[in-house]
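Asker: Quick one: structure below, then a few questions.
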């Protein structure tokens, strides 16, 4: 194929190289595994530049999902809980996942139902923004729940 996109058919290698040098372009092997190999006459430097430009554009448009963490305690005060809730809502609106962690200290671990109540309350208040990816589960001295933003 030449630089205008026209098929040249099966051409010997020497003739293809001559055609490329006449036009001041490169002979690029685009399908070496084919029989006969498929080559294209093009400006290889410009091709690589445009390819990297397309890759940069596609990276700009994608959103990398990160996991943000909100830490709570079983004996959390109401105002502190509201601050954590606002943070979780902000993270979900930014299309990030939220890990809700309830940390138990000392003998608080004997009352995991307090952590479950906190997780259920958090889920109820963000239910219009989030789905549960991983329900609340005790892991060591922490209770963890992962929320993902709803696709809108």
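Asker: How would 99, 59 line up from fewest to most surrounding beta-carbon atoms within 10 angstrom? Don't skip to the answer; put the middle values down first.
Answerer: Values: 99 17, 59 9.
Least crowded to most crowded, the residues run 59, 99.
Asker: Comparing 34, 130, 20, which has the greatest mean-square fluctuation in the GNM of the chain with Cα pairs linked when under 10 Å apart?
Answerer: Of 34, 130, 20, the most mobile in the Gaussian network model is 34.
Asker: Label residue 43 and residue 29 with points 7 Å out from Cα along Cα→Cβ: what is the distance between them in nm?
Answerer: The modelled label-to-label distance comes out at 2.5 nm.
Asker: Over the chain, with a Gaussian network built from C-alpha contacts below 10 Å, which listed residue (120, 26, 80) shows the highest mean-square fluctuation?
Answerer: Highest fluctuation of the listed residues: 26.
Asker: List 41, 76 from most exposed to least, where exposure is judged by having the fewest other Cβ atoms within 10 Å. Walk me through the intermediate numbers first.
Answerer: On the way: 41 22, 76 16.
Going from least to most buried by this count: 76, 41.
Asker: Further question on the same structure: I'd like the distance between the alpha-carbon centres of the range 84-152 and the range 5-76, rounded to an integer number of Å.
Answerer: Computed from Cα coordinates, the inter-centre distance equals 43 Å.
Asker: Jot down the per residue volume, in cubic angstrom and as a whole number, of the convex hull over the alpha-carbon atoms of the range 13-59. Intermediate values should be presented prior to the final figure.
Answerer: On the way: hull volume 3.1 nm³, N = 47.
So the per-residue Cα hull volume is 65 Å³.
Asker: I'd like the FRET efficiency for residue 81 and residue 141, computed as 1/(1 + (r/R0)^6) with the beta carbon distance as r and R0 of 35 Å, rounded to 0.05.
Answerer: Efficiency, rounded to the nearest 0.05: 0.95.
Asker: Next question, about the same structure. Here are several values of mean projected area of the Cα convex hull in nm²: (1) 15.0; (2) 8.9; (3) 11.3. Which one was derived from the coordinates shown?
Answerer: Read-out from the structure maps to (1).
Asker: Provide the descending list of Cα extents for the range 67-149 along its principal axes, expressed in whole angstroms.
Answerer: Its Cα atoms span 36, 26, 18 Å along the three principal axes.
Asker: Quote to one decimal, in nm, the extra length available between residue 89 and residue 132 on full extension: 0.36 nm per residue of separation minus the C-alpha distance between them.
Answerer: Details: separation 43, 0.36 × 43 = 15.48 nm, distance 1.39 nm.
Length difference between fully extended and current span is 14.1 nm.
Asker: Also, I was wondering about something else. Multiply the residue gap between residue 125 and residue 111 by 0.36 nm, knock off their C-alpha separation, and tell me the result in nm, one decimal place. Spell out each step's value before the answer.
Answerer: Numbers: separation 14, 0.36 × 14 = 5.04 nm, distance 2.26 nm.
Stretched out fully, the residue 125 to residue 111 stretch lengthens by 2.8 nm.
Asker: Still on this model: Using the count of nearby Cβ atoms within 10 Å as a rough guide to exposure, how do 95, 84, 60 rank from fewest to most?
Answerer: Values: 95 15, 84 18, 60 7.
Taking fewest neighbouring Cβ atoms as first place, the list is 60, 95, 84.
Asker: Quick one: Cα convex hull volume of the range 1-84, Å³ per residue? Before the final figure, lay out the partial values.
Answerer: Numbers: hull volume 12.8 nm³, N = 84.
Per-residue hull volume (Cα only) is 153 Å³.
Coordinate-derived values only; no laboratory data. These numbers were taken from a predicted model, which means no experiment stands behind them. Because the Cβ atoms are built from the backbone with ideal geometry, glycine has one as well, and the counts that use them run over all protein chains shown.
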